[in-house]
1. Counting only residues that are of a type in the set (Ser, Thr, Tyr) and part of a loop (DSSP other than H, G, I, E, B), which one in the range 1-55 is modelled with the lowest pLDDT?
2. Tell me whether the range 76-92 contains one or more residues that are open to solvent by less than 10 Å² (accessible area, probe 1.4 Å) and assigned to a loop (DSSP other than H, G, I, E, B).
3. Conditions: (1) in contact with a Gly (Cβ under 7 Å, 6 or more places away or on another chain); (2) in contact (Cβ under 8 Å) with a residue 60 or more places away in the chain; (3) assigned to a loop (DSSP other than H, G, I, E, B); (4) crowded, with 16+ Cβ neighbours inside 10 Å. Phe102 meets all but one. Number of the miss?
4. Answer yes if at least one residue in the range 128-138 is surrounded by fewer than 20 Cβ atoms within 10 Å (Cβ to Cβ) and either in contact (Cβ under 8 Å) with a residue 60 or more places away in the chain or β-branched (Val, Ile, Thr) (or both), and no otherwise.
5. Taking the conditions exactly as written (in contact with a helix residue (DSSP H, G or I) (Cβ under 7 Å, 6 or more places away or on another chain), open to solvent by 50 Å² or more (accessible area, probe 1.4 Å) and closer than 20 Å to Asp41 by Cα), does Tyr71 satisfy them or not?
Amino acid sequence: MKKYSFLLLIVTITFFTACGSIKSSIQNIDNTALKPGTKNDQFLLTEYAPDGKYGYDKDYPINLGFESEKYSPKNIPLFFNALRGPKGEKISYDKVDTCCPFPTKKSVMGAGTLEVYNVLIEGSDKKIVLYINTYERSKVMCPKGFSIKKPE
């Protein structure tokens, strides 16, 4: 039991030491951004991303961290429920990975990760990969290649 406790202690110290040396490459954090309004379980999006990096590039993720670490994940379905395909098609999404650790003051551990989602547009076999950040915030927009769903 002592060996197991010692090993766990070493792994924990290594993890925290490693996370402390990680530098953030996220370029689009805006701590003054306001959370979008919601209606019928979706964000009320009004703007389209100005370039193709937004959401598609790990350095320009969709930042949904408007609440605490515990509550921000609820923003993910609100975001995806506001999207449709380019011609109004329904979409589906699945979380497939986490990646790209970065330092943040908004996590009790001092580090966050991005969530990686595969998005499918109805009638297409093409998988679209989007990066979501639930720790930091910025203006929430519709990524290129999607359209905004009108709330019902």
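The values are calculated or read from the model by the stated rules, or taken from the named source; none is laboratory data. Bear in mind the structure is a predicted one, so any value in this text is a computation, not a measurement. Cβ placement follows ideal geometry from the backbone for every residue including glycine, while neighbour counts extend to all protein chains displayed. In case anyone asks, the SASA skips ligands and DNA or RNA and just uses the protein heavy atoms, side chains included. Shrake-Rupley method; radii C 1.70, N 1.55, O 1.52, S 1.80 Å.
1. From the range 1-55, those of a type in the set (Ser, Thr, Tyr) are 4-5, 12, 14, 17, 21, 24-25, 32, 38, 46, 48, 54; that's our starting set.
Okay, now just the ones that are also part of a loop (DSSP other than H, G, I, E, B), so 21, 24-25, 32, 46, 54.
On the way: Ser21: 58, Ser24: 89, Ser25: 93, Thr32: 96, Thr46: 97, Tyr54: 98.
The residue in question is Ser21.
2. Yes, some residue in the range 76-92 is open to solvent by less than 10 Å² (accessible area, probe 1.4 Å) and assigned to a loop (DSSP other than H, G, I, E, B).
3. Unmet condition: (3).
4. Taking the range 128-138 as the starting set, the residues that turn out to be surrounded by fewer than 20 Cβ atoms within 10 Å (Cβ to Cβ) are 128-129.
Applying the additional criterion that residues be either in contact (Cβ under 8 Å) with a residue 60 or more places away in the chain or β-branched (Val, Ile, Thr) (or both) yields 128-129.
Looking through the range 128-138, at least one residue is surrounded by fewer than 20 Cβ atoms within 10 Å (Cβ to Cβ) and either in contact (Cβ under 8 Å) with a residue 60 or more places away in the chain or β-branched (Val, Ile, Thr) (or both).
5. Working: in contact with a helix residue (DSSP H, G or I) (Cβ under 7 Å, 6 or more places away or on another chain): no; open to solvent by 50 Å² or more (accessible area, probe 1.4 Å): yes; closer than 20 Å to Asp41 by Cα: yes.
So Tyr71 fails the test.
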